[in-house]
Amino acid sequence: MYRAAKKGKENMENKNDVWKGLLQKGDGPLTLDAWFEDWLVNYKLLTVKKGTIENYKRNYRNYVKPYLGSMDVMEIKGEHIQKLFNFLIAQGYAVSTLYVSKGVLSGMFRQLIKNDILEKNPVQFVEFPRQPKKRERRVLSQEEQNLFLEYAKGSPYEDVYLIALATGMRIGEICALRWSDIDFSHQFLTVNGTLKCFKETGFFIDSPKSLTSRRVIPLLPTVCKMLKRRKRSQIGTIIGKYTVKQIWQDLVFLHPGGLYEPMRKRTIAYDMDAIVERINQDRKEKLKNKRKSLDVFEHVSPHALRHTFATRALENGIPPKVVQEILGHSSITITLDLYTHVLDKTKSEEIMKLQRIF
């Protein structure tokens, strides 16, 4: 009994020492590097997703640390941050990328104000140039979609393209899809996560992008058939091998190169580039010795497949509210803003239905 009481007292003293250590600010200056680590561990680790933490780390390491990391937080002024961003923009970095750095720094300084260490947030005085107008979203026409799928036959990512075009899922969500997420009897799947990969952490499945990103999506019979075929093939080959890590054995899509790990979004993008290149190469061959201009098949990103799904859905009369829920948008406004090009065309067609009442 005495030993147990003594041990309990020692544990409590150890905990108190740890607690005192957390409260100590130290006698030296608080550098931005030191504060960034403190801010992450004590103010962000339990409130944001793992993927967000890794994004913060990468962004801070690449764009802030080399320039301001060793400075005392008490001495960092708005002009220091302004000059940093001016310099980075002059180096060719995208304004959208630097907005993340601005958000991280602003959050760090806001917490210093809450902690009564600073009175003002220097980031609030920083001015950013206007972001260049976003390019129009790439959406495949129906003919382009059919052609792309035709050329994708035989690709190790063929099934990924089919499910992306038939569900509107993000590529990260498709890469994180598990067999346990699929209900074949009722023909639907549940989006429960998104695959992330960082140099420091490797692969991990993070929680969905937002609350509404966790959703149920009905499956077309064509997709169900493909998934059943894929499951039979996996059980007979990959899953039967012990080279697959236990954590990844339930994944629907594994790396096709024999690594038995999750698919990489980057390699999917490379494969799409190769498909587009083959399409354009064949078009060039057909136009040889003919005086016709080449109809170029434009570049397609993995995310363009999601936009293409939404466009096809709206073109075929699926209500915007249903499309919103399938895509996992937090509000219907996002869906309507993204796809006004479809809705404007549909408006003219739909209003003609009123002609019969006049």
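Readers should treat all values here as calculations from the given coordinates under stated rules, not as data from a laboratory. Here the structure is a predicted model, which means the values were calculated and not measured. For neighbour counting, all protein chains shown are included, and Cβ atoms are generated from backbone atoms with ideal geometry for every residue, glycine included.
Using the structure shown, list the pairs from K228/K265; K153/K321; K102/K199; K228/K321; K50/K265; K225/K284 with a Cα-Cα distance above 25 Å, or answer none.
Distance filter (> 25 Å) returns K153/K321; K228/K321; K225/K284.
Once fully extended, how much extra length lies between R61 and H80, figured as 0.36 nm per residue of separation less the alpha-carbon to alpha-carbon distance?
Result: 5.1 nm gained on full extension.
Given a Förster distance of 25 angstrom, what is the FRET efficiency for D273 paired with R230, based on the Cβ-Cβ distance and rounded to 0.05?
Efficiency at R0 = 25 Å is approximately 0.55.
Could you give the nm distance between label points at S330 and K292, where each point is 7 Å from its Cα heading toward the beta carbon?
Placing both labels 7 Å along Cα→Cβ, they lie 4.9 nm apart.
Sequence-distant or interchain residues sharing an amide H contact under 5 Å with F188, placed H: which?
D183, L219
Once you list every other residue whose beta carbon is under 11 Å from the beta carbon of D206, what net charge do they have if Lys and Arg are +1 and Asp and Glu are -1?
+2
Can you list the aspartates and glutamates whose alpha carbon is less than 18 Å from that of K83, not counting same-chain residues fewer than 8 positions off?
Once the sequence-local aspartates and glutamates are set aside, what remains near K83 is D72, E75, E127.
Enumerate the aspartates and glutamates that K231 could reach by cross-link, defined here as Cα to Cα under 14 Å, with residues fewer than 8 away along the same chain left out.
D159, D181, D183, D250
Would you kindly state how much longer the chain becomes between R110 and I318 on full extension, computed as 0.36 nm times their sequence separation minus their alpha carbon distance, in nm to one decimal?
Numbers: separation 208, 0.36 × 208 = 74.88 nm, distance 4.44 nm.
Value of the extension gain: 70.4 nm.
With labels modelled as points extended 7 Å from the Cα through the Cβ direction, what inter-label distance (nm, one decimal) is found for L45 paired with Y93?
The modelled label-to-label distance comes out at 2.6 nm.
For segment 262-314, state which trypsin sites (Lys or Arg not before Pro) are in a DSSP loop and have at most 12 other beta carbons lying within 10 Å of their beta carbon.
Taking segment 262-314 and a limit of 12 other Cβ atoms within 10 Å, the loop trypsin sites (Lys or Arg not before Pro) found are K288, K290, R291, K292.
Between L118 and F188, what's the calculated FRET efficiency when r is the beta-carbon distance and R0 is 45 Å? Round to 0.05.
Once the sixth-power term is evaluated, E becomes 0.30.
What ³J(HN,Hα) values, in whole Hz, does the Karplus curve 6.51 cos²θ - 1.76 cosθ + 1.60 give for segment 148-156 when θ = phi - 60°, with x put for Gly and Pro?
4, 5, 5, 6, 7, 4, x, 6, x
At most 16 other Cβ atoms within 10 Å and a DSSP loop assignment: could you name the trypsin sites (Lys or Arg not before Pro) in segment 98-150 that fit?
Of the trypsin sites (Lys or Arg not before Pro), the ones in loops of segment 98-150 whose Cβ has at most 16 other Cβ atoms within 10 Å are K120, R130, K133, K134, R135, R137, R138.
Residues with beta-carbon under 13 Å from that of L105, excluding L105: net charge, scoring Lys, Arg +1 and Asp, Glu -1?
Value of the local net charge: +3.
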